[in-house]
Amino acid sequence: MPTLIFHGHACWEVQGEHRLLIDPFLSGNPAADVGPEHFRTLDAILLSHGHVDHIGDAEQIARATGALIVANYEIASHFADKGLAAHPLHIGGARQFPFGYVKLTIAHHGSTGPNGEAFGSPAGIVLHAGGKRVYHAGDTGVFLDMQLIAELNGPFDAALLPIGDNFTMGIDDAVKATEFIGARMHLPMHFGTFEQIAVDPQEFHRKAAAAGQAVTVLEPGGSYAIP
């Protein structure tokens, strides 16, 4: 069964038959439990958008591992121009890879690169791997079409949702998102890394539970084995 490992902020490792990494912001991340040197074998790196706290160490890790970078067209092209293996997708587009099925969904945010590059549209990521379905919402506010994402791509075994407020949805909006998505388990992310997003994930747990939704809160380095 696939296992989700939380590496802080919005970075998740997916371990199973294949090893994947989502939004590898590790260097300069005070919440990260590992550095980029931790990864020596990796099949793919999935990127939700172009902000530095999500692209992070993608280039360094891809060079060390030979991992395929999967992202929107603009981000994939940026890394392909650097000589790295990259596959472009865009919103609503999907592809079956040897390591799993990946689809990009809408997310309401920005996607400017570290040097002001126009890095296309932000995205959420749908991943089907090892017989399980995972939704990484990326950086986003809550939106009603989360219901449609779940209808078309679920039922999700796990949904990874930002809760930190300020730059994304906060706790109350994230609870509403769990009601729209209805995953078997919801795991919070994008909180506590910086002062601007310092919220209590246990409040999210309590409020989501009161709404009848399952939540698991992980500390960096913690893992959730998808049943």
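The values are calculated or read from the model by the stated rules, or taken from the named source; none is laboratory data. Treat the numbers as computed from the prediction; the structure is a model and nothing was measured. All Cβ positions, glycine included, derive from the backbone under ideal geometry; neighbour counts span all protein chains shown.
Structural remarks
Per-residue answers, yes or no, for (1) surrounded by 15 or more Cβ atoms within 10 Å (Cβ to Cβ); (2) touching a residue at least 24 places away in the same chain (Cβ under 8 Å); (3) under 14 Å from ALA10 (Cα atoms); (4) of a type in the set (D, E, K, R):
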position	(1), (2), (3), (4)
ARG133	yes, yes, no, yes
LEU161	yes, yes, yes, no
GLY170	yes, yes, no, no
ILE181	yes, yes, no, no
HIS186	yes, yes, yes, no
MET189	yes, yes, yes, no
THR193	yes, yes, yes, no
ILE197	yes, yes, yes, no
ALA211	no, yes, no, no
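- Any hit, the range 50-60, residues being touching a residue at least 60 places away in the same chain (Cβ under 8 Å) and touching a Lys or Arg at 6+ places or on another chain (Cβ under 8 Å): no
- Residue within the range 29-42 that is within 21 Å of VAL134 (Cα to Cα) and buried (at least 24 other Cβ atoms within 10 Å of the Cβ) present: no
- Taken together, ILE163, ILE226 contain a single residue that is over 15 Å from LYS103 (Cβ atoms), of a type in the set (A, V, I, L, M, F, W, C), modelled with pLDDT of 95 or more and in contact with a Lys or Arg (Cβ under 7 Å, 6 or more places away or on another chain), which is ILE226.
- Condition broken by GLU117, with the remaining ones in (1) at pLDDT 95 or above; (2) of a type in the set (D, E, K, R); (3) in contact with a Gly (Cβ under 9 Å, 6 or more places away or on another chain) satisfied: (1)
- Here ILE5 meets each of (1) free of Cβ contacts under 8 Å to residues at least 40 places away in the same chain; (2) surrounded by fewer than 23 Cβ atoms within 10 Å (Cβ to Cβ); (3) in a strand (DSSP E or B) with one exception, condition (1).
- Among the residues of the range 69-98, those identified as surrounded by 22 or more Cβ atoms within 10 Å (Cβ to Cβ) and either in a strand (DSSP E or B) or touching a Leu at 6+ places or on another chain (Cβ under 7 Å) (or both) are ILE69, VAL70, ALA71, ASN72, ILE75, ALA86.
- Verdict on ALA86 being hydrophobic (A, V, I, L, M, F, W, C) and without any contact (Cβ under 8 Å) to a residue 12 or more places away in the chain: no
- Matching residues, the range 21-38, being within 15 Å of PHE6 (Cβ to Cβ) and either assigned to a helix (DSSP H, G or I) or among the hydrophobic types (A, V, I, L, M, F, W, C) (or both): LEU21, ILE22, PHE25, LEU26, ALA31, ALA32, VAL34, HIS38
- Condition broken by ILE69, with the remaining ones in (1) under 25 Å from GLU219 (Cα atoms); (2) without any contact (Cβ under 8 Å) to a residue 40 or more places away in the chain; (3) touching a strand residue (DSSP E or B) at 6+ places or on another chain (Cβ under 8 Å) satisfied: (1)
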